[in-house]
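These notes are about the structure you will find just below.
The values are calculated or read from the model by the stated rules, or taken from the named source; none is laboratory data. No experiment lies behind these values; they were computed from the predicted model shown. Positions of Cβ are generated from backbone atoms using ideal geometry, with glycine treated the same way; all protein chains shown enter the neighbour counts. Ligands, DNA and RNA are excluded from the accessible area calculation, which covers all protein heavy atoms including side chains. Shrake-Rupley method; radii C 1.70, N 1.55, O 1.52, S 1.80 Å.
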Amino acid sequence: MTKTVRLEPVDERNLEPLLSVAVAEAEPDDVMPPVDAPAGWSHARREAFRDYYRTGMAGLDGPTQTAMYAVLVGGEVLGMIRMTRRAEPGTVETGIWLGRSARGQGVGAAALRELLDLAAAAGMHTVVAETTRDNAGAVSVLRRCGAKLIDDGDAVRAEISLDAIPPAF
């Protein structure tokens, strides 16, 4: 990948471009919690998407203790990455989704590296993630970013120690 990946806090300005990428290049269950609504990207699911992403606008110190970031390349929104405080002090959980056209190009690993810097700047020491063994893209991104991977059946838990990786900020 030759263009720079940049993270921008999700806000009202980039919420509609984020929704547009989700509708065009992802399934609802891949980008938001399940909702009781007609299948596909119905009006109700689009509203639920907006509501869900607005909950992260208050950041790590807000009610959901989640900071969500639009993933941008060349000024174009391609997906989202988040971090959510965990009960363990100094620990956040991360999750990411990218539109289909952005996958397999190094965008995910670059976005995760940017998030690791943000987590370190916020005083975090550990970033964790959970995925499945079948999600080869996520497993590859986590491995490339220095995660210790722990297999548990079909589940994979990843742990990245920020104390072992010097931040790039």
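For the chain, the relative contact order comes to 19 percent (Cα pairs under 8 Å, sequence separation of at least 6). Using a 1.4 Å probe on the protein chains only, how many percent of the accessible area of the chain belongs to carbon and sulfur? Ligands and nucleic acids excluded, carbon and sulfur reach 50 percent. For the stretch 58-105, dividing the convex hull volume of the Cα atoms by the residue count gives 95 Å³ per residue. In this rough spin-label picture, where each label sits 7 Å from Cα along the Cβ direction, the R144-S101 distance is 2.0 nm.
Quarter the surface of the alpha carbon convex hull of the stretch 15-91 and you get the mean projected area, 5.8 square nanometres. Rolling a 1.4 angstrom probe over the protein heavy atoms with all chains in place gives the stretch 100-169 an accessible area of 56 Å² per residue. With respect to the chain, whose longest principal axis is taken over its alpha-carbon atoms, helix 12-25 is tilted by about 80°. Other residues with beta-carbon under 11 Å from the beta-carbon of A67 carry, at +1 per Lys or Arg and -1 per Asp or Glu, a net charge of +1. Each other residue within a Cβ distance under 14 Å of I81 adds +1 if Lys or Arg and -1 if Asp or Glu, for a net charge of -1. For the stretch 26-142, a simple Cβ point-charge model (Lys and Arg +1, Asp and Glu -1, everything else neutral) yields a dipole of about 140 debye relative to the Cα centre.
Taking label positions 7 Å along the Cα-Cβ direction at both Q65 and D36, the computed distance is 2.8 nm, reported to one decimal. Averaged per residue, the stretch 1-83 has 51 square angstrom of accessible surface, using a 1.4 angstrom probe with ligands and nucleic acids left out. Taking a ≥ b ≥ c as the square roots of the eigenvalues of the Cα gyration tensor, the chain is rounded, since a/c falls below 1.5.
Once you charge only the Cβ atoms, +1 for Lys and Arg and -1 for Asp and Glu, what is the size of the charge dipole of the stretch 77-167 about its Cα centre, to the nearest 20 debye?
Result for the stretch 77-167 is approximately 300 debye, rounded to the nearest 20.
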